Every structure is written in structure tokens, then in C-alpha cells.
Amino acid sequence: MMIVAIASQVRAQLLAEAAAALPAECCGLLLGSAGRVEALVPAANVAADPAHNFEIDPATLLRTHREARGAGHEVIGHYHSHPHGRAEPSWRDAARAVANGQLWLIIGAGRITGWQAGATGMHGCFQPVVLEAA
Ligand SMILES: [Zn+2]
């Protein structure tokens, strides 16, 4: 099983982002390296129904990819919250998942879980990831 290190400061920031976005889902990008989340880039949730869905602001997406390359960082995945649900992928998440190995962090009910998007696992595409304190 994949193990990803995540600093307690980043963990606290994820929970704060989720709380601040209520009643909507929060979302953003994850910077780091394989096996390590270094930082978050919060983004506006531009979904038509942000209480039940998320869509990362495409401008933030483009800018973050560009800046990360320049700074020697990597966009390793993204995060979003489930204000009304558990910290696990929904069928809605599965419907849009791409089997690209990216890390998904999901915040729900005060918990954070990690998943790797692939071709097997929960809902057919999410492998659980162990999040390790760093
Ligand atoms: Zn979701």
C-alpha cells in the first residue's frame, strides 16, 4: 500500500480549509514529491453546485502547474472536502477520476483520508493510501 507523509501543519490547514468553506466543498492542489505532501494551494470551487461537488478553478490549476515547474515542485494531486459525508470517495468522485496515479485527499467528518487514482480499488478506481505524520 502506498504511504504518503504529511506534515501536521498541512493536516491542520486541510481541516481549516474544509471548515472555512462550509456549507460548500473546499478544494485545492497538493504540492510535494512522490510520497510526501509539502504544501497546499487552495483554489476556488467553481462547481455549479459547490455544496455537493467540486471543480478546481482552472486559472489556479494552470498557474500552479506553471509555477511548480519553475520552483522544482510537483503537483502530486488535489484535495476536497465532503461537508455532508464521510472521508471517502463518492460515486461522483469515481465518475470523474482519471487513472493517473494522482493523490486524492478527502476531508470529511473531521478526518482526512488519502487515495490513489488508478484502475482498481474502491468504486473501481481508488486505492487507499496510508497517511503518515511527518
Ligand atoms: Zn468527493
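Bear in mind these aren't lab numbers, they're just calculated from the coordinates by the rules spelled out. Computed from a predicted structure; not experimentally measured. Don't worry about glycine lacking a Cβ; one is built from the backbone with ideal geometry, like all the others, and counts go over all protein chains shown.
General remarks:
- Normalised by the number of residues in the chain, the mean separation of alpha-carbon contacts (under 8 Å, six or more apart) gives a relative contact order of 26 percent.
- In order along the range 5-10, phi translates into HN-Hα couplings of 7, 9, 5, 4, 5, 5 Hz, rounded to whole numbers, per the Karplus curve 6.51 cos²θ - 1.76 cosθ + 1.60 with θ = phi - 60° and x for Gly and Pro.
- In terms of its alpha-carbon gyration tensor, the range 3-133 comes out rounded; the largest-to-smallest axis ratio a/c stays below the 1.5 threshold.
- The length gained by stretching the chain between I3 and A47 to full extension, at 0.36 nm per residue less their Cα-Cα distance, is 12.8 nm.
- 3J(HN,Hα) from dihedral phi, the range 65-82, Karplus parametrisation 6.51/-1.76/1.60, rounded to Hz, x for glycine, proline: 4, 5, 5, 5, 4, x, 9, x, 9, 10, 7, 9, x, 8, 9, 7, 10, 10
- Computed on the range 70-134, with alpha-carbon pairs under 8 angstrom and 6+ residues apart, the relative contact order is 29 percent.
- Magnitude of the charge dipole for the chain, about its Cα centre and with charges confined to Cβ atoms of Lys, Arg (+1) and Asp, Glu (-1), is about 140 debye.
- Amide H contacts under 5 Å for A134: I6, A7, S8, restricted to partners 5 or more places along the chain or on a different chain, H placed in the peptide plane at 1.01 Å from N.
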